[in-house]
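All remarks here apply to the structure that follows.
Here, each number is a calculation from the coordinates, and none is a lab measurement. All of these numbers come straight from a predicted model, not from anything done at the bench. Methodologically, a virtual Cβ is constructed for each residue, glycine included, from the backbone with ideal geometry; neighbour enumeration extends over all protein chains shown.
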């Protein structure tokens, strides 16, 4: 009976009894969800363009953040370092297209996937060679990002809003919206969808596959840099940061690998869901449950929509 | 014919050289260094590796080694991965290894059963399995200056001296959810019963190290009076930032000695002000031994360390490890009566180690750390720790030495040691009578 109360009643009693804390949990879920959406978007863009899950997205986050901090430590002013880091991610996009993808046109998807695994390990080694393995601090204030917090009185308690979290939500929101609009409304966006449908058919109507690949890998690089800055500001910049990208997996399962709106909605569902479950139900299972609970949410959605929330329904005609 | 003779002579010369090499190796003191300069925990592994290697290099340059023999070190990269650690062990043990310092609880657990078989001792200095402090049950493994259980008991002792004592208080324990983080839980639960405080646990999975907002929401909900952290790597700065974010009182947040490095607090900076951690060795370069390291190794450009990191918490931790190994080698040489010692003789040296305050002063390390005295029964020493506190930009030592609750801890350690060997019928123990 106690167990039933703990599962079905107590969490809601807690939510009603401490509304300020519940709002704090919702805010944390919203911030986390927005950042998950940003990470997931990096995967979705590349998947749409090449039909491949980019295993290297996580290390791209680390590589971009380390480039930024490394340049700053070398004496480059923060904003110039940011621009140069974008340039490095652009160079990486061109290099990946020239040295890897161009040679794998029309190869099975699994070959492209394996290539991104190889790329991932190359970037880990190359990054450690260039930047060393030492932990670095993100140049948050140097980039003009806000620090500190605002405390708001609410329902007899307090809700704390970190300024960097507010900035993260705004920046992620702008990036996600811009990229979503760019890839849905622009000519390049239409070309991207054509490439996603069929490489050879897209080539036959004059779409430059190579150009599209460079653009999406560069866009994924921008997303990686933004993710690296935001997450680096919350923790630090080290090679452990690449694990953060794996948090996007349940978002992708839920939202679908090909849907930009899916990445956004999926990110928010996972963000809210894991925080609420961890805080109000996690204690019943010993805590530390959010990592796997995100997958439970995703799997529940999969039962009803195997293609994901917004994924395209796959129809194979024989 | 001439060509064949010449080729044969060259081949013979090469083979001879190969045969000479092991003889040459036997006339040195070979200390393999299992390090991790890459991977997610490299931020901590690099300064430890540098401090460790630089002290041996300094002894070679300044003193010509130990007992007239040069120390040969060989780094093997483990990436803090247990499987790679074992591979490193297997690859280097045949070269005359005197001792292994795994620098990972996971690797230590793998090497404990191998040590008596290969007769190469393991020194897991302040980490690894706490129960190896019981020398009768673990003749080949050492964990002085103190085990995790000693350390936890010292932290609890410290808390008990603050704010009217620990009785009736709630203590939160946030830990990396691996063998290392779980290691002190049995003692913490035992102390909570005997001292009358409540424990709330917050496990952090490896992949959640940098996404701890849920954990700290739970901390806010539970509102513990004190928080203790057993973290490592990226978990530490994230936890400290999250604690500051929920406005947890930082002076009531205490890390163990793996959660109190410069790299852990620098990302938080001013926000981490007041955070405390345990430590076993002082930081800074004002010690004569550190000055010698700078003079003989760092300044000539023979160190891999960034000069700014020399004297940092983890650099000095690595250096301290090498000081202990070097003193154990010296002790082993005295016992054996010769300089060219074996792993078995090194074990005797580790067991007879008596690093007194006077000896520390002779080494140029006065007040660097608490003395260590090992015995046949006690491989953990039960050494004292001290508290340091982050002032917003650097660590400041803020307490005298805090002794562990030896009586309580020893009984728990013996029970755990008995439990470990109970299902191993061929386990080699030793009698200390």
| message | Students often get this wrong: which residues of region B:342-382 have the backbone nitrogen under 16 Å from the point 7 angstrom along Cα-to-C-beta of residue B:429? | response | B:376-379
| note | Partner shielding of B:225-238, as the mean number of partner chain Cβ atoms within 10 Å, equals 2
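Report the calculated FRET efficiency for residue B:286 and residue B:373 (r = Cβ-Cβ distance, R0 = 35 Å), to the nearest 0.05. Write down the numbers at each step before the final one.
Working: r = 26 Å, r/R0 = 0.74.
Efficiency for this residue pair is about 0.85.
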| field | Inter-label distance for residue B:167 and residue B:61, nm, one decimal - labels placed 7 Å from Cα along Cα-to-Cβ | value | 5.6 nm
| Highest mean first, what order results for B:344-354, A:3-13, B:121-131 on Cβ atoms within 10 Å? | B:121-131, B:344-354, A:3-13
| message | Run the helix sum for chain A: -39,500 (n - 2.57) per DSSP H stretch of 4+ residues, divided by residue count, reported at 222 nm to the nearest 500 deg cm²/dmol. | response | -23000 deg cm²/dmol
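How crowded by other chains is A:287-294, given as the mean number of beta carbons from other chains within 10 Å of each beta carbon? Intermediate values should be presented prior to the final figure.
On the way: counts 10, 11, 3, 7, 8, 1, 1, 0.
Mean number of neighbouring Cβ atoms from other chains: 5.
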| said: Using 0.36 nm times the number of residues separating residue B:361 and residue B:189, minus their current alpha carbon distance, what extension gain do you get? | reply: 58.1 nm
| query | For the Cα atoms of chain B, what angle does the longest principal axis make with the long axis of helix B:2-26, in degrees from 0 to 90, nearest 10? | reply | 40 degrees
| note | Taking 0.36 nm per residue of separation between residue A:174 and residue A:94 and subtracting their Cα-Cα distance, the length gained on full extension comes to 26.3 nm
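FRET efficiency for residue A:110 and residue B:199, Cβ-Cβ distance as r, R0 = 35 Å, nearest 0.05?
Numbers: r = 48 Å, r/R0 = 1.38.
Efficiency computed from Cβ-Cβ geometry: 0.15.
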| request: Give the angle, between 0 and 90 degrees and rounded to the nearest 10, that separates the Cα long axis of helix B:82-92 from the longest principal axis of the Cα atoms of chain B. | output: 20 degrees
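Show me the ranking of peptides B:218-227, B:159-168 by mean Cβ neighbours inside 10 Å, starting with the highest.
Working: B:218-227: 19.2, B:159-168: 13.6.
Going by the mean number of other Cβ atoms within 10 Å, highest first, we get B:218-227, B:159-168.
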| request: Using 0.36 nm per residue of separation minus the Cα-Cα distance, give me the extension gain between residue B:247 and residue B:302 in nm, one decimal. | output: 15.4 nm
| task | Averaging sequence separations of C-alpha pairs under 8 Å and six or more residues apart, then dividing by the length of chain A, give the relative contact order as a whole percent. | result | 33 percent
| note | Mean-square fluctuation maximum in Gaussian network of chain A, Cα pairs under 10 Å, restricted to A:300, A:264, A:46, hits A:300
| task | Treat each spin label as a single point 7 Å out from the Cα along the C-beta direction, and report the residue B:335 to residue B:394 distance in nm. | result | 4.0 nm
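Can you give the FRET efficiency to the nearest 0.05 for residue B:406 and residue B:91, using r as the Cβ-Cβ distance and R₀ = 41 Å? Walk me through the intermediate numbers first.
On the way: r = 39 Å, r/R0 = 0.94.
Here the calculated transfer efficiency is 0.60.
Which whole number gives the average count of other chain Cβ atoms within 10 Å of the Cβ atoms across peptide B:240-251? Before the final figure, lay out the partial values.
Details: counts 1, 6, 2, 0, 2, 7, 5, 4, 0, 0, 0, 0.
Per-residue shielding by partner chains comes out at 2.
Which value at 222 nm does chain B reach when only helices count, each DSSP H run of 4 or more adding -39,500 (n - 2.57), with the total divided by all residues and rounded to the nearest 500 deg cm²/dmol?
Values: 16 runs with 185 residues, N = 433.
So the calculated ellipticity at 222 nm is -13000 deg cm²/dmol.
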| task | Taking only Cα atoms and a 10 Å spring cutoff, compute GNM fluctuations for chain B and point out the largest among B:186, B:300, B:113. | result | B:300
| request: Using per-residue counts of other Cβ atoms within 10 Å, averaged over each peptide, order B:301-311, A:197-207 from highest down. | output: B:301-311, A:197-207
| remark: If one builds a Gaussian network model of chain B from Cα atoms under 10 Å apart, the most fluctuating residue listed among B:64, B:94, B:274 is B:94
| In whole Å, what is the distance between the alpha-carbon centres of region B:355-389 and region A:256-316? | 52 Å
| task | Evaluate the relative contact order of region B:329-433 (contact order divided by residue number), counting alpha-carbon pairs under 8 angstrom at least 6 apart; express in whole percent. | result | 15 percent
| query | Which distance in nm do the two modelled labels at residue A:246 and residue A:84 give, with both placed 7 Å along the Cα-to-Cβ direction? | reply | 3.3 nm
| request: Over chain B, calculate the relative contact order: mean separation of alpha carbon pairs under 8 Å at least 6 apart, over the residue count, as a percent. | output: 20 percent
